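Notes follow the structure.
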Amino acid sequence: MALPRILDALESLPAYARVRNTFPPPDGRLTIAGLPGSSDAALAATLVRGEGERRFFVVVAETLPDAERWLADLASLAEDADGVALYPPREGFGEVEPHLEVAGERVETLEQVARGRVRLLVTTARAVLERTRLPSALRTGRLEIRHGEQRRLEALTSHLETIGFERVSLVDDVAQFSVRGGIVDIYGFGMASPVRLEFWGDEITSLRQFDILTQRSTRDVEHVIILPVDTPASDVDAVLE
């Protein structure tokens, strides 16, 4: 829940007005010190409220626990909590992240940033220094599927494997898909529930969410966005037919 009174009180201070009126130019720096407890997050939330439409803010914390503290504080303080996201560092070596929770958060955050939905990004010094091909993988591997559209089942399954999905007999975890005749189950990053596609020839005649425990369909959806697993962009095919 947002705490607007705290932000209102901070915004009324002369010191805050000086900060907002002396934003540094590109490559410039403004140092602010002496902020105890969560007052640093309160200042960030207030700046985002006043400048978020014109500026993109990034908080670079020293360690991941520090970044998670920032995220928890901002989730309570920011008026638009959905506009705050965490981009964590990799926990494994190399480009491919072996921990699905970390891989998913990295991909989902970059997707939201690319779509302009993040106003304040929280990350770490190590994550900033890491080189990654995830943005390129998102551009070429991201897939939007709509009910009623034409799409070749073989091309879809090939693309899912290329962007890092595991083909299984029964989907029970994220980053998996299964094929049973003309039915394809997919569970990707950023999905509230896995989805079930039913093909009639090359047409997707049914697109439904389903319960991962009972495997029963729950409700129809019109479209779904499938994000790539944390894989090198060089392994991603061209745009799916």
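The values are calculated or read from the model by the stated rules, or taken from the named source; none is laboratory data. Remember, predicted model here, so these are calculated numbers, not experimental data. To get the accessible areas, we keep the full protein, side chains included, count just its heavy atoms, and leave off ligands, DNA and RNA. Shrake-Rupley method; radii C 1.70, N 1.55, O 1.52, S 1.80 Å.
Using equal-weight Cα scatterers in the Debye expression, the normalised intensity of segment 85-193 in log10 at q = 0.22 Å⁻¹ is -1.34. Rg and Dmax of the chain, based on Cα coordinates, read 21.2, 67 Å. For segment 142-235, the Kirkwood hydrodynamic radius from C-alpha pairs, put into Stokes-Einstein at 4 °C and a viscosity of 1.567 mPa s, yields a diffusion coefficient of 98 µm² per second. The 3J(HN,Hα) values that the Karplus relation (6.51, -1.76, 1.60; θ = phi - 60°) gives for segment 69-79 are, in residue order, 5, 4, 4, 5, 5, 5, 4, 8, 8, 5, 5 Hz. Gly and Pro appear as x.
Rounded to the nearest 500, what is the 222 nm mean residue ellipticity of the chain from helices alone, with -39500 (n - 2.57) per DSSP H run of 4+ residues and division by all residues? Don't skip to the answer; put the middle values down first.
Values: 8 runs with 81 residues, N = 241.
Taken over the chain, the calculation gives -10000 deg cm²/dmol.
Accessible surface for residue 187 stands near 50 Å², nearest 10, in the context of the full protein assembly shown (1.4 Å probe).
Note on segment 142-216 and segment 39-76: Cα centroid distance 36 Å, given to the nearest whole angstrom.
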